[in-house]
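Please read the structure below before turning to the comments.
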Amino acid sequence: MTDRDNKDRRSAGQGFIIFAALIIIAAGLKSAQAIVVPMLLAVFIATIAATPMFWFKAKGMSNGLALGSVVLAIFLALGLIGALLTQSTSAFSAKLPFYQERLTTLQSDLLVLLQSWNVPIDLSLLADALPLGSLLTLAGSALRSLGAVLSNGFLIILTVIFILAEAASFYPKLRAVLANPDRDLAHFGRITGTMNRYIAIKTSVSVLTGILVTSFLWILDVDFPVLWGLVALLLNFIPTIGSIIAGIPPVLLALVQLGPAEAGLVVLGFFLVNTIVGNVLEPRYMGQGLGLSALIVFVSLIFWGWLFGPVGMLLSVPLTMSAKIALEASPSTLWLARLLAPANEIRDLTPSDSGFEPESLTQTPDRDPAQ
């Protein structure tokens, strides 16, 4: 057996071990979801909150006052969102049997109408094809799950406080332990900068979406307009299908509560809001985009949602963007970053973009890159 065959076998064995290790890590994270999700949310919030905290300190505010101001704002925001979700979800769940009964009546009326037009159809088949009641139940379950995570605000805020209190020492510590701090710290800065920019724009657009949805649902007199506006705000962070998912419960609710005409107006309202905000305003301010292909965005939505639930779906894009930037940091994983990128960015994604010179790819394995 040649040396090349042995090398190929070792490479295949290492690849299998890495793949198996990733599966084990994913299984461990999923089993520890109850503690990992709040911690992940705390790290995410702390990353965003660090920018205004450092801005306050740059303006002459003391460390304690800057930290206290930011933490108070986070506490108020999480408390308000958690309280609205908990209260509105309880009221929605209490009325859920009535909504499901009304949907069953509407399906029966639809069957009678189809039979009057000589269209043979079985009600059970119609119910299986259009499980409207199950969709409302699923919406209620998702809202309760998300509300339960946000209601655990004490653990989240406590973790955020400790992270922000240590934020100023992160870079000196990393500089002390990294082999090439100038190069590697640039990647950390790029991750935090990209995440901050994405979240700032996405939050502004999502707040506008929530306000518009709440307004037109309130005008149409649909039940729980604030709840559905808040859901539209949160689900707007989920790319591709978030806006569609956010529109399903209020459309069904309008159908049950008001009738088909009003449900059609709700569909039109969501279409206009998503067209104006999602296809006009957001691309204008988002600039060159996420740096991820549409397929990767959708796959990451499924993966992170499976791993961490609703919070994973909300954070799917920032998590995948951070992973892509980390993969760009090394020539050995640059090919993975290219697979995650859209087609129009593949040519622009070179090793020099990641802090490496192109000639570093041509160095022999035995040569020290620092030489």
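Data table
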| item | result |
| --- | --- |
| Number of positions in the stretch 66-83 that are in contact (Cβ under 8 Å) with a residue 40 or more places away in the chain and surrounded by 17 or more Cβ atoms within 10 Å (Cβ to Cβ) | 7 |
| Criterion: among the aliphatic types (A, V, I, L, M), within 30 Å of residue 254 (Cα to Cα) and surrounded by fewer than 20 Cβ atoms within 10 Å (Cβ to Cβ) - qualifying residue of 50, 91 | 91 |
| Filtered residues of the stretch 175-202 (kept if surrounded by fewer than 16 Cβ atoms within 10 Å (Cβ to Cβ), within 16 Å of residue 47 (Cα to Cα) and either assigned by TED's automatic domain parsing to the domain that holds residue 323 or among the basic types (Lys, Arg) (or both)) | 197 |
| Number of the condition not met by residue 307 [criteria: (1) over 26 Å from residue 34 (Cα atoms); (2) touching a residue at least 40 places away in the same chain (Cβ under 8 Å)] | (1) |
| Candidate set from the stretch 153-168 (those that are surrounded by fewer than 16 Cβ atoms within 10 Å (Cβ to Cβ) and at pLDDT below 75); member that is farthest from residue 91 (Cα to Cα) | 168 |
| When residues of the stretch 320-348 are limited to those that are touching a helix residue (DSSP H, G or I) at 6+ places or on another chain (Cβ under 6 Å) and among the charged types (D, E, K, R), the one modelled with the lowest pLDDT | 328 |
| Residues satisfying the stated conditions in the stretch 206-256, i.e. surrounded by 23 or more Cβ atoms within 10 Å (Cβ to Cβ), within 13 Å of the chain's Cα centre (by Cα) and of a type in the set (S, T, N, Q) | 236 |
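The values are calculated or read from the model by the stated rules, or taken from the named source; none is laboratory data. What you see is a predicted model, and the numbers here were worked out from it, not measured in a lab. Because the Cβ atoms are built from the backbone with ideal geometry, glycine has one as well, and the counts that use them run over all protein chains shown.
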